[in-house]
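Chemist: Dropping a structure here in structure tokens format, bear with me for questions.
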Amino acid sequence: MSVFLELIRIIFICIVFGFLIWGVVKSIYSTLQINIGNDNGWLPGIAVYIILFVLYRNKLQFSGFYEGPNQKKLSKKLTLTLISSSILLLIIPTIIK
């Protein structure tokens with residue numbers, strides 16, 4: 001039962017935090033007058049979900065319903081690589097315009 005509750009929690013986190021982060025990204029892009037169309041709109045979307053993945057694995061999984069033996073944080077190197085790649089994915093549409 002705890003695994004099912006944790007899956008619902010993950011879906012809820014992805015939807016709520018995904019919309020919040022996407023709203024911030026869209027407002028920044030609109031301030032910079034960058035149109036996120038069909039061609040490059042998927043890049044920031046991937047960046048948002050990479051950020052959510054890192055946030056969940058490093059912080060949110062430890063406050064949930066499921067407490068398994070295999071819960072551990074991402075390594076610092078992997079965290080830095082994922083965050084750097086998501087920042088790069090967020091910057092690319094500003095370069096492409």
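Chemist: Go through the stretch 50-72 and count every residue that is of a type in the set (S, T, N, Q) and either in a helix (DSSP H, G or I) or at positive phi (or both).
Modeler: 3
Residue-wise test of (1) more than 22 Å from residue 82 (Cβ to Cβ); (2) in a helix (DSSP H, G or I); (3) touching a residue at least 24 places away in the same chain (Cβ under 8 Å).
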{"residue": "6", "(1), (2), (3)": "no, yes, yes"}
{"residue": "11", "(1), (2), (3)": "no, yes, no"}
{"residue": "14", "(1), (2), (3)": "no, yes, yes"}
{"residue": "22", "(1), (2), (3)": "no, yes, yes"}
{"residue": "29", "(1), (2), (3)": "no, yes, yes"}
{"residue": "33", "(1), (2), (3)": "yes, no, no"}
{"residue": "45", "(1), (2), (3)": "no, yes, no"}
{"residue": "48", "(1), (2), (3)": "no, yes, yes"}
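Chemist: Are any residues in the stretch 50-82 within 17 Å of residue 24 (Cα to Cα) and either at pLDDT 95 or above or crowded, with 17+ Cβ neighbours inside 10 Å (or both), and if so, which ones?
Modeler: Once the filter is applied, which keeps residues that are within 17 Å of residue 24 (Cα to Cα) and either at pLDDT 95 or above or crowded, with 17+ Cβ neighbours inside 10 Å (or both), the stretch 50-82 yields 50, 51, 52.
Chemist: Please determine, by comparing only the residues of the stretch 83-97 that are among the polar types (S, T, N, Q) and within 15 Å of residue 25 (Cα to Cα), which one is surrounded by the most Cβ atoms within 10 Å (Cβ to Cβ).
Modeler: 86
Chemist: Right, another one. Can you report the number of residues in the stretch 19-40 which are at pLDDT below 85 and surrounded by 11 or more Cβ atoms within 10 Å (Cβ to Cβ)?
Modeler: Matching residues across the stretch 19-40 total 4.
The values are calculated or read from the model by the stated rules, or taken from the named source; none is laboratory data. Just so it is clear, the structure is predicted and the values come from calculations on it, not from any experiment. No Cβ is skipped: glycine too gets one built from the backbone with ideal geometry, and neighbour counts run over all protein chains shown.
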